[in-house]
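J.: Structure below; questions to follow.
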Amino acid sequence: MQLLSLHVHPVKSTAIRTVQRAAVLPTGLAGDRRWMVVDDTGTMVSARTDPRLFLITARTPELDGIEPDLVLSADGYGQTAVSAPQGEAHPYAIHSSTGHGIAAGPEADRWIGAVLGRHDVHLVWCPDPARRAVDQRYALPGDATAFADGYPVLLATAASMSQLNTWITELAAERGEASAPLPIARFRPNLVVDGEFPFGEDSWQVVEIGGVRFRAARRSSRCVMTTVAPDTLVRGPEPIRTLARHRRFDGKTWFGMNLIPEVAGTLTVGDQVRVIA
């Protein structure tokens, strides 16, 4: 197996950045989900409730070699540069967990608010990803991440995506509907590998990619955000409808595997993938 593609999301739920090479830290890929949008209550705003976040592209020093800490852009709204803020970090709600961040300030808030058509949004930066521990039921003491939903790295396989698209086509035919293959980007994985057979990743415990070893934490449960086309913002029933038929258990639908890096290193597209256990 080999690593087919690498993806980083500098601001949670904004446009995916596809790269050829990425540094791996104990808390995830360098620059991944270090920024997040929250509302007035301090609760995460994601594309599952506001898909317009998909319209925003984030550029960072790690990905683009720029000097500002963050540059946000969106068609029709120009761009704005943001510096990593200083000061005390405050708690913000991410689903059932808490992440700590520092508010970026009113200028960034106004720009994001204009894109989203809202006045209650704020950009925050995570100064210390190691401060937010992941779910200890599936991890070890010290495992942590920034503003990702639950774990540092998400992996998906092309083999599983191909099987899912086959199932989607079959279900659409049963219902007399037209269908088209969905891109794996709907699931926003950090790592895409080809895979030996569909959903073989379910049983992985330890995997090595380009010499970087990862522990498998748990499979990834999926939400309605995957039903929104990131380019058009059109919402449909897939892939959740089909996952609910074939991949529903424990009351959730599942696709992909959450990973925790065991060592730091660098990943490059084309790296060999080896399942250790």
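The values are calculated or read from the model by the stated rules, or taken from the named source; none is laboratory data. Note that the structure is predicted; figures quoted are calculated from it, not measured. Here the Cβ is made from the backbone with ideal geometry for all residues, glycine too, and neighbour counts use every protein chain on show.
J.: May I ask you to verify whether ALA159 is closer than 28 Å to GLY28 by Cβ, of a type in the set (A, V, I, L, M), surrounded by 17 or more Cβ atoms within 10 Å (Cβ to Cβ) and out of contact with any strand residue (DSSP E or B) (no Cβ under 8 Å at 6 or more places or on another chain)?
T.: Yes, satisfied.
J.: Got a number for residues in the stretch 104-142 being farther than 19 Å from ASP69 by Cα and either outside any loop (DSSP other than H, G, I, E, B) or not aromatic (Phe, Trp, Tyr) (or both)?
T.: 21
J.: Which ones in the stretch 5-29 are surrounded by 21 or more Cβ atoms within 10 Å (Cβ to Cβ), in a loop (DSSP other than H, G, I, E, B) and in contact with an Asp or Glu (Cβ under 9 Å, 6 or more places away or on another chain)?
T.: HIS9, PRO10, LYS12, SER13, THR27
J.: May I pose another question? Between residues in the stretch 257-274 that are closer than 17 Å to ALA216 by Cα and modelled with pLDDT of 95 or more and residues that are aromatic (Phe, Trp, Tyr) and surrounded by 16 or more Cβ atoms within 10 Å (Cβ to Cβ), which pairs lie under 7 Å by C-beta distance while being six or more apart or on different chains?
T.: From the stretch 257-274, the pairs are MET257/TRP204; ASN258/TYR151; LEU259/TYR151; LEU259/PHE214; ILE260/TYR151; ILE260/PHE214; PRO261/PHE214; GLU262/PHE214.
J.: Report, by residue number, each residue of the stretch 66-96 that is surrounded by fewer than 16 Cβ atoms within 10 Å (Cβ to Cβ) and farther than 22 Å from ARG17 by Cα.
T.: Selection gives GLN86, GLY87, GLU88, HIS90, PRO91, ALA93, HIS95, SER96.
J.: List the number of the failed condition for ASP32; all other conditions in (1) acidic (Asp, Glu); (2) modelled with pLDDT under 95; (3) buried (at least 17 other Cβ atoms within 10 Å of the Cβ) hold.
T.: For ASP32, the exception is condition (2).
J.: Only one of (1) free of Cβ contacts under 8 Å to residues at least 60 places away in the same chain; (2) of a type outside the set (Ser, Thr, Tyr); (3) under 28 Å from ALA216 (Cβ atoms); (4) not in a helix (DSSP H, G or I) is not met by GLN79, so which one is it?
T.: Among (1) free of Cβ contacts under 8 Å to residues at least 60 places away in the same chain; (2) of a type outside the set (Ser, Thr, Tyr); (3) under 28 Å from ALA216 (Cβ atoms); (4) not in a helix (DSSP H, G or I), the lone unmet condition for GLN79 is (3).
J.: Scanning for something touching a Leu at 6+ places or on another chain (Cβ under 8 Å) and farther than 22 Å from GLY236 by Cβ, does the stretch 162-185 turn up at least one residue?
T.: Looking through the stretch 162-185, none of the residues is touching a Leu at 6+ places or on another chain (Cβ under 8 Å) and farther than 22 Å from GLY236 by Cβ.
J.: Test VAL121 against the stated conditions and say whether it is at pLDDT 95 or above, farther than 14 Å from ILE260 by Cα and within 19 Å of the chain's Cα centre (by Cα).
T.: no
J.: Being part of a loop (DSSP other than H, G, I, E, B) and not charged (D, E, K, R) is the filter here; which residues of the stretch 233-266 pass it? Give the derivation first.
T.: Let us first name the residues in the stretch 233-266 that are part of a loop (DSSP other than H, G, I, E, B), namely 233-234, 236-239, 247, 250-251, 262-264.
Within the stretch 233-266, LEU233, VAL234, GLY236, PRO237, PRO239, GLY251, VAL263, ALA264 meet the criteria.
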